[in-house]
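Working notes for the structure below.
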Amino acid sequence: DAKTTQPTSMDCAEGRAANLPCNHSTISGNEYVYWYRQIHSQGPQYIIHGLKNNETNEMASLIITEDRKSSTLILPHATLRDTAVYYCIVRTNFGNEKLTFGTGTRLTIIP
Amino acid sequence: NAGVTQTPKFRVLKTGQSMTLLCAQDMNHEYMYWYRQDPGMGLRLIHYSVGEGTTAKGEVPDGYNVSRLKKQNFLLGLESAAPSQTSVYFCASSYRTWVAGENEQFFGPGTRLTVL
């Protein structure tokens, strides 16, 4: 799996959009970008994924640059419950179902 | 649906003791995984299974054994516990599909293990 680089920590004011960056400069053409989060030592939770188009679901939006070397996870209206560690992961879907977790970004939502 | 459950939630062992962690899922998933998470670190894959009766090594398999006798259960065993195995253990499961997003992993709540 390609390596990802994320900032160690970020703060965001409650109600504002939280933008979490991720660099994946060695991503291959058949690798997807996945985001998971882990709230206070609970099991990680899937958020969103994408290949090359921007994606949106009920939890977040994912913006992938045209060269696919970086992406941004956007939480449009952050709440205190969004305080968590966010993991950016790249992986293929061809016979490799494993996830490789880095250290992620610790996002703190400030009241 | 209960999703992914893990038993026990907490356990304290002495060095050299053995124990088995149980993971159960009720989503009819083919794939199951065991991860460990040490303080301040991301999850690391210990072992995984792509189907009933099959297992494979992950990133950090030493000191652990696994079994998948039933599709819904995945057991992680520590034959002779060591302090280095103090960690939080997470189980996960997923469908066996190559459709992106449909193979997301669902995680259990974790087992906190301390080895003295």
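Some observations on this one:
- Number of partner chain Cβ atoms within 10 Å, mean per residue of B:103-111: 5
- Buried accessible surface for the B/A pair, both sides summed and rounded to the nearest 100, is 1700 Å² with a 1.4 Å probe.
- Cα-Cα separations in chain A greater than 25 Å, expressed as whole percent: 15
- Relative to the Cα centre, the charge distribution of the protein assembly as shown, modelled as +1 at Lys and Arg Cβ and -1 at Asp and Glu Cβ, gives a dipole magnitude of about 520 debye.
- Bridge type composition, chain A - antiparallel percent by DSSP, nearest 5: 85
- By the equivalent-ellipsoid construction on the alpha carbon gyration tensor, region B:48-116 comes out with semi-axes of 25, 14, 10 Å, ordered largest to smallest.
- In a reduced charge model with +1 at each Lys and Arg Cβ and -1 at each Asp and Glu Cβ, region A:4-111 shows a dipole moment near 180 debye about its Cα centre.
- Descending semi-axes in Å of the protein assembly as shown, equivalent ellipsoid built from Cα gyration tensor: 30, 20, 15
- Shown are A:Glu66, B:Glu104, whose ranking by accessible area with a 1.4 Å probe and every protein chain present, most to least, is A:Glu66, B:Glu104.
- Positive-end residue, chain B charge dipole about Cα centroid, Cβ charges, pick of B:Ala81, B:Leu43, B:Leu21: B:Ala81
- For the segment A:102-110, counting C-beta atoms of other chains within 10 Å of every residue's C-beta and taking the mean gives 1.
- The Cα center of region A:59-81 and the Cα center of region B:28-79 differ in position by 30 Å.
- D by Stokes-Einstein for region A:29-72, Kirkwood Rh over Cα pairs, 20 °C, 1.002 mPa s: 190 µm²/s.
- Bridge type composition, chain B - antiparallel percent by DSSP, nearest 5: 90
- Given in Å, the Rg to one decimal and the Dmax to the nearest whole number for the Cα atoms of region B:76-116 are 14.5, 44.
- For residues of A:46-53, the mean tally of beta carbons on other chains within 10 Å: 2
- Percentage, to the nearest whole number, of Cα pairs in chain B over 21 Å apart: 31
The values are calculated or read from the model by the stated rules, or taken from the named source; none is laboratory data. As the structure is a prediction and not an experimental result, all values here were calculated from the model. Note: ideal-geometry Cβ built from the backbone for every residue, glycine included; neighbour counts use all protein chains shown. Side chains are part of the model used for accessible areas, which takes the heavy atoms of the whole protein and leaves out ligands, DNA and RNA. Shrake-Rupley method; radii C 1.70, N 1.55, O 1.52, S 1.80 Å.
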